[in-house]
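Each remark here refers to the structure printed beneath this line.
The values are calculated or read from the model by the stated rules, or taken from the named source; none is laboratory data. Note that the coordinates shown come from a computational prediction; the quantities given were computed from them, not determined experimentally. Note that we place each Cβ from the backbone using ideal geometry, even for glycine, and neighbour counts take in every protein chain shown. Calculation scope for accessible area: heavy atoms of the full protein, side chains included, ligands and nucleic acids excluded. Shrake-Rupley method; radii C 1.70, N 1.55, O 1.52, S 1.80 Å.
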Amino acid sequence: MIVYAIAACLVAAIAFFGITNAIVIGTASEHITTTDEAAGREADAIIVLGAYVHPDGRPSDILRDRLDNAITLYQAGAAPKIIMSGDHGTVSYNEVRAMKQYAVDRGVPAENIFCDHAGFSTYETMHRAKNVFGAERVIISTQTYHLYRALYDALGVGLDAIGVPADFHTFKEQLIWDLREIPARSKDLIMVAVKAPPTFGGEPISLDQSGNVTD
């Protein structure tokens, strides 16, 4: 009986993760596009999702690809603003400062870059983009494996969203990231369904002002 119970639980878990991942990927796939198509989007902002930053302030390779992708979109006229969203949970670790500096060093005006210091998860980033920054139409820059979940979250909180993959390089950690995304997609589907609030709210920040107010 114990063996049957364990087997039933495994089947149920596989079914749950399989169905929820299929829903997330299927919903998001229709919203993935190219830089050329996104250039005529007239979006409010390009959202860059944070990733690891080295102690010396250099973005990790995966983050650099997301940033380069966003800079290309910005230069193509896809949106007039960029929202850098990442982890700034401690004084010593500040993803968004490094992300903004990287873009400024490559010619993006500082006043057109907004920093979301409380982007602690993909879902929270999208929730805050709409409810704190007041964005309605957005373009998301991240790798394809992550883009499915990011788009599902964005659509789930009411954003009119498309995504452009930042798949410029392959990474040795890709299999690990792919496996981590399986439960993450299932979790975010539930968060969207229950309309979970973000960890931090905040006063509204208008995108019609200088992004330097968010530094």
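Quick notes on this structure:
- For the stretch 191-215, the tally of residues that are among the aliphatic types (A, V, I, L, M) and open to solvent by 80 Å² or more (accessible area, probe 1.4 Å) stands at 2.
- Per-region count, the stretch 76-94, residues exposed (fewer than 15 other Cβ atoms within 10 Å of the Cβ) and either free of Cβ contacts under 8 Å to residues at least 24 places away in the same chain or closer than 23 Å to residue 56 by Cα (or both): 5
- The set of residues in the stretch 57-67 being touching a Lys or Arg at 6+ places or on another chain (Cβ under 9 Å), under 14 Å from residue 142 (Cβ atoms) and open to solvent by 50 Å² or more (accessible area, probe 1.4 Å) consists of 64 alone.
- Residue within the stretch 141-154 that is over 13 Å from the mean Cα position of the chain (by Cα), over 22 Å from residue 89 (Cβ atoms) and surrounded by fewer than 22 Cβ atoms within 10 Å (Cβ to Cβ) present: no
- Considering only residues in the stretch 4-41 that are farther than 19 Å from residue 181 by Cβ, of a type in the set (A, V, I, L, M, F, W, C) and open to solvent by less than 80 Å² (accessible area, probe 1.4 Å), the one that is farthest from the chain's Cα centre (by Cα) turns out to be 5.
- For residue 54: the one exception among (1) surrounded by fewer than 17 Cβ atoms within 10 Å (Cβ to Cβ); (2) under 16 Å from the mean Cα position of the chain (by Cα): (2)
- Filter result (surrounded by fewer than 20 Cβ atoms within 10 Å (Cβ to Cβ) and in contact (Cβ under 8 Å) with a residue 40 or more places away in the chain) within the stretch 95-106: 97, 101
- Test: residue 208 is out of contact with any strand residue (DSSP E or B) (no Cβ under 7 Å at 6 or more places or on another chain), charged (D, E, K, R) and not in a helix (DSSP H, G or I): yes
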